[in-house]
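Chemist: Here you go, one structure.
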Amino acid sequence: MARVVIVGAGTFGASLAWHLAGGGDDVVLIDQFEPGDPRATSGGETRLIRCAHGPDADYAAMARRARTLWRELEAETGTDLLTECGVSWFAHRDDGWEAASAQTLHALDIPAERQDVADAARRFPSLNGADLTWVLHEPEAGVLRAAHAVRALAQAATERGARIVHGRAAPDGDRVVLEGDVYEADRVVWSCGGWLATLFPAVVQLRVTLQQLFFYDGGPGWERAPAWIDYDRAVYGTGDLHDLGVKCAWDEEGPPLDPDAPLPDATPQTEALMRGYVAERFPALAAAPLKGTRTCRYELTADSEFLAAEHDGVWLVGGGSGHGFKHGPALAERVIAAWDGGEPLPARFGLHRRERGTSLRTAGSNL
Ligand SMILES: Cc1cc2nc3c(=O)[nH]c(=O)nc-3n(C[C@H](O)[C@H](O)[C@H](O)COP(=O)(O)OP(=O)(O)OC[C@H]3O[C@@H](n4cnc5c(N)ncnc54)[C@H](O)[C@@H]3O)c2cc1C
């Protein structure tokens, strides 16, 4: 039995705690907030789970594995976390991200259908696909209830024997200092989302940005619509799930925002941009009342690859880059396997200097 201290109970840290406690380790999970707090990136209401990652088979397979693990968590906790509404990718060309995704998903035997635009339009109460060439539909993709899922992970971890401790921790070599107490362990993990770069500035570079979400009251029909992604235009959304309204989000990188700064309100300028897109893409929503807005933070690596590597005797896990939520339980499983002498983590999760690359989140135009 190993003693493990994990600082940060977002999707990555809580997933690690869940797996490790299940394996019989002595786990302490520390967070300054309650799991699912909206100030953490994992604290939003909904997050997409999709397997398509362009030509990248590793992320595709990891997302597929994560789907199985989320289902296991649902069974263990008696919760309903994953709505399998499908995800439709709006393709603007025959040789883009969606085509590469389709090829990769087929090779991995992950369900994905090529639809013509008229067929795809039938899944939505309204869809203008005049600028689209085709649609890639992932029928087994969908939407996770993010904050609920993180709470379920933390709860299940405690039921497996982990201990949750509240407070703001600081590193001291390979030890964790928390309000005067010092924690020593066989392994220490810092999975601190947007705070990781502040805690380890010499080795972690992250851009922490403000992102804005808009929810429209679209009327009936939207509760059955798939989630959707317009990768080339960096926009995504969901149907009206859990009575939140039709979610639409601009996925371009927002302005910088300190991890400790209060989350400001969404701006009328971004709402106007969003409304312009929505009116064009889903004409029936052109005049739909705005039901709500949310803001949250991305913690972005330059290349949108995750970060999971050892540094001076502790492990750093994060860099979710706007697409990390779904992968939490599967990335945690890989980290633990690597510790146990299994497959090493890929070099691209390392602490090297990152260069800007193709976006693995839903922001193809944000290069
Ligand atoms: C608007 C938005 C939409 C997104 N959409 C998707 C999506 O559709 N699909 C998807 O898969 N992903 C999506 N993401 C990305 C995903 O939510 C993140 O990649 C993921 O939640 C990051 O998890 P994390 O565990 O690294 O960080 P966090 O959830 O931020 O957790 C880090 C935790 O560490 C704690 N912490 C930090 N420092 C300390 C300290 N010193 N002491 C104690 N505690 C500390 C914090 O309190 C926090 O709880 C989205 C993100 C946003 C903001």
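Chemist: Scan around residue 235 for amide H atoms under 5 Å from its own, H built in the peptide plane at 1.01 Å from N, and keep only partners 5 or more places away or cross-chain.
Modeler: When sequence neighbours closer than 5 places are left aside, the close amide H contacts are 230, 251.
Chemist: Taking H placed 1.01 Å from N in the peptide plane, check which residues at least 5 places from residue 314 or on another chain put their amide H under 5 Å from its amide H.
Modeler: For residue 314, whose amide H was placed from the backbone, there are no distant partners under 5 Å.
Chemist: How far is helix 146-159 tilted off the main Cα axis of the chain, in degrees rounded to 10, range 0 to 90?
Modeler: 30 degrees
Chemist: How high is the FRET efficiency from residue 179 to residue 258, r the C-beta distance, R0 25 Å, rounded to 0.05?
Modeler: 0.70
Chemist: Moving on to the next point. How many nm separate the modelled label positions at residue 293 and residue 224, each set 7 Å beyond the Cα in the direction of the Cβ?
Modeler: The two pseudo-label positions are separated by 3.3 nm.
Chemist: Can I ask one more? From the phi of every residue in segment 65-81, what ³J(HN,Hα) in whole Hz does the Karplus formula 6.51 cos²θ - 1.76 cosθ + 1.60 yield, where θ is phi - 60° and glycine or proline is x?
Modeler: 5, 4, 4, 4, 5, 4, 5, 5, 5, 4, 5, 5, 9, x, 10, 10, 10
Chemist: Let me ask something additional. With every protein chain present, what accessible area does residue 315 have (1.4 Å probe, heavy atoms only), rounded to the nearest 10 Å²?
Modeler: Using a 1.4 Å probe on the heavy atoms, I get roughly 30 Å².
Chemist: Considering the zone a paramagnetic label at residue 106 would reach in this model (a point 7 Å from Cα along the Cα-to-Cβ line), which residues of segment 62-79 have amide N under 17 Å from it?
Modeler: none
Chemist: Heavy atoms of the protein only, probe of 1.4 Å, neighbouring chains included. What is the accessible area of residue 311 in Å², nearest 10?
Modeler: Residue 311 exposes around 40 Å² with every protein chain in place.
Chemist: While we're here: What percentage of the solvent-accessible surface of the chain, computed with a 1.4 Å probe over protein heavy atoms, is contributed by carbon and sulfur atoms?
Modeler: Within the chain, the accessible surface is 50 percent carbon and sulfur.
Chemist: Residue 140 to residue 310: FRET efficiency via 1/(1 + (r/R0)^6), r the Cβ-Cβ distance, R0 51 Å, to the nearest 0.05? Could the numbers behind the result be given before it?
Modeler: On the way: r = 34 Å, r/R0 = 0.67.
That pair, residue 140 with residue 310, gives E of 0.90.
Chemist: Towards the positive end of the charge dipole of segment 38-196, with charges on Cβ (+1 Lys, Arg; -1 Asp, Glu), say which of 139, 166, 60 has the farthest Cα.
Modeler: Of the candidates, 166 comes out farthest on the positive side.
Chemist: Hey, what angle do you get for helix 328-339 against the long axis of the chain, alpha-carbon based, 0 to 90 degrees rounded to 10?
Modeler: So the inclination is approximately 40 degrees.
Chemist: Could I ask something else about it? Where only protein heavy atoms count, and the probe is 1.4 Å, what is the accessible area per residue for the chain in Å²?
Modeler: 39 Å²
Chemist: Subtracting the Cα-Cα distance from 0.36 nm times the residue separation, let me have the gained length for residue 273 to residue 34 in nm, one decimal.
Modeler: 82.7 nm
Chemist: Suppose we keep just the alpha-carbon trace of segment 90-192; what are its Rg and Dmax in angstrom?
Modeler: Spelled out, the Cα radius of gyration and Dmax of segment 90-192 are 23.0, 63 Å.
Chemist: I'd like to know which of 314, 2, 257 lies farthest towards the positive end of the charge dipole of the chain, counting +1 on Cβ of Lys and Arg and -1 on Cβ of Asp and Glu.
Modeler: 257
Chemist: Here's another thing I want to ask about it. Just how large is the dipole of segment 29-166 about the Cα centre, in debye to the nearest 20, putting +1 at every Lys and Arg Cβ and -1 at every Asp and Glu Cβ?
Modeler: Here the size comes out at about 320 debye.
Chemist: Solvent-accessible area of residue 20, probe 1.4 Å, all protein chains present, reported in Å² to the nearest ten, please.
Modeler: 10 Å²
Chemist: Pull up all non-local amide H partners of residue 164: gap of 5 or more, or a different chain, and H-to-H distance under 5 Å with H placed in the peptide plane.
Modeler: Long-range HN contacts for residue 164: 29.
Chemist: Per-residue HN-Hα couplings for segment 12-17, Karplus 6.51 cos²θ - 1.76 cosθ + 1.60 at θ = phi - 60°, whole Hz, x for Gly and Pro?
Modeler: 6, x, 5, 5, 4, 4
Chemist: Could I ask something else about it? Apply the Karplus curve 6.51 cos²θ - 1.76 cosθ + 1.60, θ = phi - 60°, to the phi angles in segment 125-142 and return the couplings in whole Hz, x for Gly and Pro.
Modeler: Taking θ as phi minus 60°, the curve returns x, 7, 8, 9, x, 4, 8, 9, 9, 6, 9, 9, 10, 9, x, 9, 8, x Hz for segment 125-142.
Chemist: May I ask for the angle, rounded to the nearest 10°, between helix 97-107 and the longest principal axis of the chain, with both axes built from Cα atoms and the value confined to 0 to 90°?
Modeler: Result, in degrees: 70.
Chemist: Taking 0.36 nm per residue of sequence separation and subtracting the Cα-Cα distance, how much length would be gained by fully extending the chain between residue 95 and residue 347, in nm to one decimal?
Modeler: Additional length available on full extension: 87.9 nm.
The values are calculated or read from the model by the stated rules, or taken from the named source; none is laboratory data. From a predicted model like this one, the values you see are computed outputs, not experimental measurements. Counting neighbours? That spans all protein chains shown, and the Cβs are built from the backbone with ideal geometry, glycine included. Surface accessibility is based on the protein's heavy atoms, side chains included, excluding ligands, DNA and RNA. Shrake-Rupley method; radii C 1.70, N 1.55, O 1.52, S 1.80 Å.
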